[in-house]
Amino acid sequence: MDLKSKNKKNTMDKKKYQEYSYVVISTLNQVVNVIPHKIYQFDEVYNITITDSPYFKNEEFNKNLGLNFKETLDFQQTDMNNVAGIVTKLKAFFSEKKRIFWNITGGQRPFILAILEFIRDREDDVICYLEGNSSTMTITGKEGSKEYRYHQSYVSIEEALKLMGFDFRKIDDSKQGKDDERDFYYKLYALYIDKNNVQLRKEFIELNSNKKACKDFVANSHFKKELEIINFCQYTEDDFKQTYPFGYILEKLAFYQLEKEIKSKVESLVHSLKIIFNDEEKQKEINGKTIDEFDIAILTKNGKFIIFECKSGKMSGDVAKSTNYSTYAISGVYGKPILITPLIEDEIKKINGLDGYGKVKSAIKSAKRATLDVWGIDKIADNIENYIK
């Protein structure tokens, strides 16, 4: 088989491989194993896994996958040093199978090399590889290679979390907003990101350390008239009762802009997503507490998580690292954590030369040390399109 030759087509025959035996390799990103099964509904599923990995409890990932395995082929970590030995075990296990659909997406190199060697003379077998970032699935067989794009959603946000052993506390849909609130935040956003309105951004950033009632904030603002025109306090008065009022306002500014740009293009878009363990015993061990909370979470139609932290002030390095870890934990290498700041992009570029903004500067530095991307609040529309193409 020639893995490099590609004959691109955009339609999938959903019955073509249904009678094949489906073989998956246990991986940290189980979404890539679920998607082909959702498409073709294979009659038989087999799993290849390592039983004694010192790094990952593969048996838990296998259980989370939720597929009804006909059998599992077990390997030990020491077997990974012997490709010929892996080939021998594959022959003993799979030689009687007439046609196999091999999903090598999550496999370690020794597994992949062994599978390629084993199927060299098996003309009816096919190899599948999913590229999560581009939503493409390449299937290679005796007819050459074909690349398919899948824009349909195959995994819900709940399923994606459960694949990695997590769940979420019930999302309060009432917080997702009504049309009048949505329109208000569109107007506030346009006012806030105006390059000439530096003073407005400063007033909001200082709000967390200089708490006021909403009416007092408006009365003392350089933008009193503009805020009154959009009925500012009608939609934000409850936020002013919180410890960090601007944090809540910033989150909704970002959420409604993301919703405006991509809601119809992704599987799920939620804010205030609280993550817990799916396993009741594990959840008891942490006294039922939330593992992590994401300000905004997006699940793309190819199972990729994009997590946003909206920080109106300081963010510790530990929080930044936690966000990075949690994002990786729920979606593997395809996950992406991003910090949205209360500054516009031009201000971020010259942040070191700006007076004040001490806590915001600290948050940006913490995010960059933890390898989070940092976005200006005004670049949401431009940047998000590049992430979900």
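Placing pseudo-labels 7 Å out from each Cα toward the beta carbon at D382 and S134 gives an inter-label distance of 2.5 nm.
Under a 5 Å amide H cut-off, with hydrogens placed 1.01 Å from N, K311 pairs with I340 among residues at least 5 apart or on other chains. Under 5 Å from the amide H of L73 lie the amide H atoms of N47, I48, T49, each residue being 5 or more positions distant or on a separate chain, with H modelled from the backbone and absent for Pro and chain starts.
Treating each Cα of the range 173-388 as one equal point scatterer and applying the Debye formula with no solvent, the log10 of I(q)/I(0) at q = 0.17 Å⁻¹ comes out as -1.28. Counting neighbouring beta carbons within 10 Å and listing from fewest to most, the residues Y148, Y17 come out as Y148, Y17. The calculated FRET efficiency for the pair Q77 and R120, based on their C-beta separation and a Förster distance of 30 Å, comes to about 0.70. When peptides 157-165, 218-226, 348-356 are ranked by their average number of other Cβ atoms within 10 Å per residue, the highest-first order is 157-165, 218-226, 348-356.
In straight-distance terms, cross-link reach from K379 covers every one of the aspartates and glutamates whose alpha-carbon lies under 20 Å from its own, apart from those fewer than eight places away in the same chain; here that gives D183, D194, E251, E259, E261, D295, E309, E345, D346, E347.
Any read-out appearing in this document is the output of simple, stated calculations on the displayed coordinates, not a laboratory observation. Predicted, not measured: the structure shown is a model, and the values here were computed from it. Cβ atoms come from the backbone with ideal geometry, glycine included; neighbour counts cover every protein chain shown.
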